[in-house]
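Working notes, beginning with the structure itself.
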Amino acid sequence: MTQVTVTFLQQLSASEVIPSSKSLPKNARIEQAQDITPEFSRFLYQGVGSELHWADRLDSTRAQWNEVLQRPGSETWVLYLDGSPKGYFELATTLSNSGSEVEIFYFGLFPEATGRGLGGVLLTEALSRAWDLASRWPELPEVARVWLHTCSLDGPAALPNYQARGLKIYRTEDEESQIRDASLGLWPSAAD
């Protein structure tokens with residue numbers, strides 16, 4: 001077991017978003033993955049999360065994975081660079097008394113895309129798409145809150161990026177966590 005600090009951050013208004021000062025390179029784009037399949041979603045999840053110990057969804061069946069993707073207000077947006085996926089964010093929506101609450105359920109860059117100034121741009125897009133989600137889902141109430149959580153296993157730039165984009169910490173928790181090798185099934189083991 002490993003001690004992990006989980007940090008929860010939120011915004012209560014779209015006016016709290018602080019856009020990145022950088023912009024996407026000309027050879028990059030961010031687009032919504034319409035009718036995303038569980039296979040593509042899992043590819044993104046493992047590609048971004050394998051080095052960050054993301055393993056919470058690896059035991060999900062295809063049907064369970066698809067159920068999450070099909071919920072109202074669930075969206076996946078992909079960052080492409082030269083035509084290849086280099087990062088993504090997944091939005092998940094729940095309803096509260098005050099309106100829709102959108103969680104940036106997963107967010108990150110593929111390892112080869114880190115350190116290139118793309119994280120701030122992708123997070124700016126994630127926050128913008130979270131705040132305007134009700135315009136794409138008219139059956140859902142207006143968004144009242146956008147939130148996410150990160151932990152001490154995430155990359156060192158994660159928390160500073162979230163705070164630089166205007167997300168504010170509202171809670172931290174320390175927990176014992178069983179760290180799993182999240183790269184299992186991603187690549188075969190090298191021969192000894």
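Numerical summary
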quantity	calculated
Distant-in-sequence amide H partners of Val143 (H built 1.01 Å from N, under 5 Å)	Ser100, Ala134
Check: the chain dipole with +1 on Lys, Arg Cβ and -1 on Asp, Glu Cβ, in debye	600 debye
The chain: equivalent-ellipsoid semi-axes (sqrt of 5 x gyration tensor eigenvalues, Cα, Å)	25, 19, 19
For region 48-58, Karplus couplings with θ = phi - 60° (6.51, -1.76, 1.60), whole Hz, Gly/Pro x	7, x, 4, 7, 9, 6, 6, 9, 5, 9, 5
Cα long-axis angle, helix 118-131 against the chain (0 to 90 degrees, to the nearest 10)	50 degrees
Most fluctuating residue given options Glu67, Glu51, Glu125, as computed from a GNM of the chain linking Cα atoms under 10 Å	Glu67
Hull volume in cubic angstrom per residue (convex hull over the Cα atoms of region 1-78)	175 Å³
For a label point 7 Å along the Cα-to-beta-carbon line of Trp137, residues of region 25-43 with backbone N under 15 Å	33-36
Accessible area of the chain divided out per residue, in Å², using a probe of 1.4 angstrom	53 Å²
Under Karplus coefficients 6.51, -1.76 and 1.60, residue-wise ³J(HN,Hα) of region 81-98 in Hz, glycine/proline x	10, 6, x, 10, x, 10, x, 6, 9, 10, 9, 10, 10, 10, 9, 10, 4, 9
Among Phe40, Phe107, Phe89: highest mean-square fluctuation, GNM of the chain, C-alpha pairs under 10 Å	Phe40
Estimated 222 nm signal from helices in the chain, with DSSP H stretches of n ≥ 4 weighted -39500 (n - 2.57), rounded to 500	-6500 deg cm²/dmol
Listed residues Leu133, Leu153, Leu123, most fluctuating in the chain (Gaussian network, C-alpha, under 10 Å)	Leu153
Principal axis dimensions, largest first and in whole angstrom, of region 61-144 by Cα	40, 31, 18
Packing-based order for 154-161, 28-35, using average beta carbon neighbours within 10 Å, highest first	154-161, 28-35
Residue-count net charge about Thr93 - beta-carbon cut-off 13 Å; Lys, Arg +1, Asp, Glu -1	-3
Percent carbon-and-sulfur accessible area, the chain, ignoring ligands, DNA and RNA, probe 1.4 Å	52 percent
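The values are calculated or read from the model by the stated rules, or taken from the named source; none is laboratory data. Just so it is clear, the model here is predicted, and its values are computed rather than measured. In this analysis, Cβ positions are derived from the backbone assuming ideal geometry, glycine residues included, and neighbour counts consider all displayed protein chains. Surface accessibility is based on the protein's heavy atoms, side chains included, excluding ligands, DNA and RNA. Shrake-Rupley method; radii C 1.70, N 1.55, O 1.52, S 1.80 Å.
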